[in-house]
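Note sheet for the following structure.
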Amino acid sequence: MNRSHRMHTRQTVLRRMCRTALLTALICVLSVITIPIGAVPLTLGLLGIFLCGLLLPPTDACAAVGGYLLLGALGLPVFAGMQGGIGVLAGPTGGFLWGYLPTVWLLSGLVRRTERTAPRLICGMAALALLYLCGTVQFLAIAGVSLSAALAVCVWPFVLPDTVKLVCAYILSVRLRRILGHHL
């Protein structure tokens, strides 16, 4: 391997690490912006998750989300309501947090298979359904409520706002790709 190839490889790795860290930071900032609407708060963190899935390959997207979850698990106040710690991940809304990992993996993997808008948005809705499943299952297990009550708290109030976040993330990702081109 010649010197210029090694230099290019290092630059590529460094670029990937910087993108991943930047998106981790973005998720941290967006996640503390919340609107309390009940047991499950409305947060902008999902916008960051969608951006990760739309912009990064699956391993990098999961690394960004994993970094966010690790920071929160260690106690940094990066979760909704400026909370942190393992207790949040183990609490009634923790399923939405750990559910970010399979959600971003699915979204990133599916998006890599299509270039058109409608299929990408459908991929986003599939990933969102997976997130709702993860969050609702943990909420059901901890809160001890009926499925219809859990859906009323965990899903129905969020469908429209989360769909808006997905569309916004898609528009932002298209614009970022145009502006940053090969740097993304």
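Inspect all residues belonging to segment 101-116 and state whether any of them is assigned to a helix (DSSP H, G or I), basic (Lys, Arg) and closer than 30 Å to Gln11 by Cβ. So far as segment 101-116 goes, no, none of its residues is assigned to a helix (DSSP H, G or I), basic (Lys, Arg) and closer than 30 Å to Gln11 by Cβ. Val40 fulfils the conditions (1) under 20 Å from Ala129 (Cβ atoms); (2) under 14 Å from the mean Cα position of the chain (by Cα) except for a single criterion, (2).
Each row is one residue, and each column tells you yes or no for (1) closer than 18 Å to Ser108 by Cβ; (2) open to solvent by 60 Å² or more (accessible area, probe 1.4 Å).
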residue: Leu131; (1), (2): yes, no
residue: Cys134; (1), (2): yes, no
residue: Gly144; (1), (2): no, yes
residue: Val153; (1), (2): no, no
residue: Pro157; (1), (2): no, no
residue: Thr163; (1), (2): no, no
residue: Ile179; (1), (2): no, yes
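Going through segment 1-44 one residue at a time, which ones are buried (at least 17 other Cβ atoms within 10 Å of the Cβ), out of contact with any strand residue (DSSP E or B) (no Cβ under 8 Å at 6 or more places or on another chain) and in a helix (DSSP H, G or I)? Arg19, Thr20, Leu23, Thr24, Leu26, Ile27, Cys28 - these are the residues of segment 1-44 that are buried (at least 17 other Cβ atoms within 10 Å of the Cβ), out of contact with any strand residue (DSSP E or B) (no Cβ under 8 Å at 6 or more places or on another chain) and in a helix (DSSP H, G or I). Across segment 142-159, the number of residues qualifying as without any contact (Cβ under 8 Å) to a residue 40 or more places away in the chain and not β-branched (Val, Ile, Thr) comes to 9. Out of everything in segment 63-100 that is of a type in the set (Val, Ile, Thr) and part of a helix (DSSP H, G or I), what residue ends up being most open to solvent (accessible area, probe 1.4 Å)? In this case the residue turns out to be Ile86.
The values are calculated or read from the model by the stated rules, or taken from the named source; none is laboratory data. Here the structure is a predicted model, which means the values were calculated and not measured. Every residue, glycine among them, receives a Cβ derived from its backbone with ideal geometry; neighbour counts consider all protein chains shown. SASA here: full protein model, heavy atoms, side chains in, ligands and nucleic acids out. Shrake-Rupley method; radii C 1.70, N 1.55, O 1.52, S 1.80 Å.
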